[in-house]
Amino acid sequence: MRRKIIAGNWKMHMLRQPGTALASEISRVASANPEVDVVLCPPYTLLGAVGDAIGDSLASLGAQDAFWRDAGAYTGQVSPVMLIDAGVTYVIVGHSECRGRFGVPEPDFDETVLRHFGDTDRTVNLKLLACLSAGLRVICCVGETLGEREAGQTDATVQAQIEAAIVGAEDLSAVVVAYEPVWAIGTGRTCDTQEADRVCGVIRSHIRRLRGADAADRLRIQYGGSVKRSNARELLSMPNIDGALVGGASLVAQEFAGIIEACR
Ligand code: 13P
């Protein structure tokens, strides 16, 4: 039986006071629900404050990205060892917003944005490997754009992304995959539950082909994209969905608490 994992990706939201208040409240909910892994991923500026608010509760601290080198002349980047030093346990890599794959239908991404958010399958792989070797747990995001879905490329896209991301990672026990269809992120448009479960199953089958039954059966796969308290229970009851990666609803204590409690 895989443990459920609910992660809140705060993205570029929250200042210190409301952020620590939210983290304190969610930490209490995490400790009251010990059967669920709860992860809070604030912006870098709040890692210290949110870590303090989490204290010795059962919630874990996560970061939203990491660079693949330990140190160097990489202005604006944060390394896996720095994250460990800051008390971080989990890190998100390959989020579609970092791959430059925003949810606009056509063109699939705006090249001005891509200059700033330029992850590729290769950099996602480098980040995943660097984070694992530093001792971090990785939430690796995959997902198709609307254009890819309409072209019948959903399965091929997620298979190629996950396959590229784990090249060279022998042990997947510290990896969680998040299936986040780009068109369902921040749009209020949730992927149909059956379809979300089907694609999570496609990812699991691909891992089974690549790494064997044991790795596939143990791999935790989250769904992400407009998850809220009202749709969480149905999504989390599906056989291939082991948790949620939550954006907007993770910024509201009652909503996020409701998603954690929906795992029961
Ligand atoms: P929303 O829950 O706001 O759709 O965001 C999902 C997401 O991108 C989480 O990483």
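Mind checking whether some residue in the stretch 91-101 is at pLDDT 60 or above, away from the ligand (no atom under 16 Å from the Cβ) and open to solvent by 40 Å² or more (accessible area, probe 1.4 Å)? Taking every residue of the stretch 91-101 in turn, none turns out to be at pLDDT 60 or above, away from the ligand (no atom under 16 Å from the Cβ) and open to solvent by 40 Å² or more (accessible area, probe 1.4 Å).
When you scan the stretch 248-260, do you find a residue that is open to solvent by less than 30 Å² (accessible area, probe 1.4 Å), among the small types (Gly, Ala, Ser), closer than 21 Å to residue 91 by Cα and assigned to a loop (DSSP other than H, G, I, E, B), even just one? The answer is no; no qualifying residue exists. Looking only at the stretch 159-169, decide whether some residue is within 16 Å of the ligand (Cβ to nearest atom), part of a loop (DSSP other than H, G, I, E, B) and within 16 Å of the chain's Cα centre (by Cα). Taking every residue of the stretch 159-169 in turn, none turns out to be within 16 Å of the ligand (Cβ to nearest atom), part of a loop (DSSP other than H, G, I, E, B) and within 16 Å of the chain's Cα centre (by Cα). Close Cβ contacts (under 6 Å, 6 or more residues apart or on different chains) running from residues in the stretch 1-28 that are under 19 Å from residue 228 (Cβ atoms) to residues that are away from the ligand (no atom under 16 Å from the Cβ) and assigned to a loop (DSSP other than H, G, I, E, B) comprise 4/263. Listed by first and then second residue, the pairs with beta-carbon distance under 9 Å, at least 6 apart or on different chains, first residue in the stretch 148-165 and in contact (Cβ under 8 Å) with a residue 40 or more places away in the chain and farther than 13 Å from residue 202 by Cβ, second among the charged types (D, E, K, R) and in a helix (DSSP H, G or I), are 164/121; 164/122; 165/121; 165/127.
When residues in the stretch 212-230 are screened for being more than 10 Å from the ligand (Cβ to nearest atom) and either free of Cβ contacts under 8 Å to residues at least 40 places away in the same chain or among the acidic types (Asp, Glu) (or both), 7 of them pass. Here is the figure for the stretch 141-158: residues that are open to solvent by 10 Å² or more (accessible area, probe 1.4 Å) and not in a helix (DSSP H, G or I) total 3.
Out of the residues in the stretch 215-232 that are part of a helix (DSSP H, G or I) and touching a Lys or Arg at 6+ places or on another chain (Cβ under 9 Å), state the one that is most open to solvent (accessible area, probe 1.4 Å). Checked the stretch 215-232; the qualifying residue most open to solvent (accessible area, probe 1.4 Å) is 218.
Residues of the stretch 26-37 include none that is surrounded by fewer than 17 Cβ atoms within 10 Å (Cβ to Cβ) and within 16 Å of the chain's Cα centre (by Cα). Report, by residue number, each residue of the stretch 165-176 that is among the small types (Gly, Ala, Ser), open to solvent by 30 Å² or more (accessible area, probe 1.4 Å) and touching a helix residue (DSSP H, G or I) at 6+ places or on another chain (Cβ under 6 Å). Result: 168, single match.
The values are calculated or read from the model by the stated rules, or taken from the named source; none is laboratory data. Here the structure is a predicted model, which is why all the values come from computation and not from measurement. Reconstructed Cβ throughout: ideal geometry from the backbone, glycine too, with neighbour counts over all protein chains shown. In case anyone asks, the SASA skips ligands and DNA or RNA and just uses the protein heavy atoms, side chains included. Shrake-Rupley method; radii C 1.70, N 1.55, O 1.52, S 1.80 Å.
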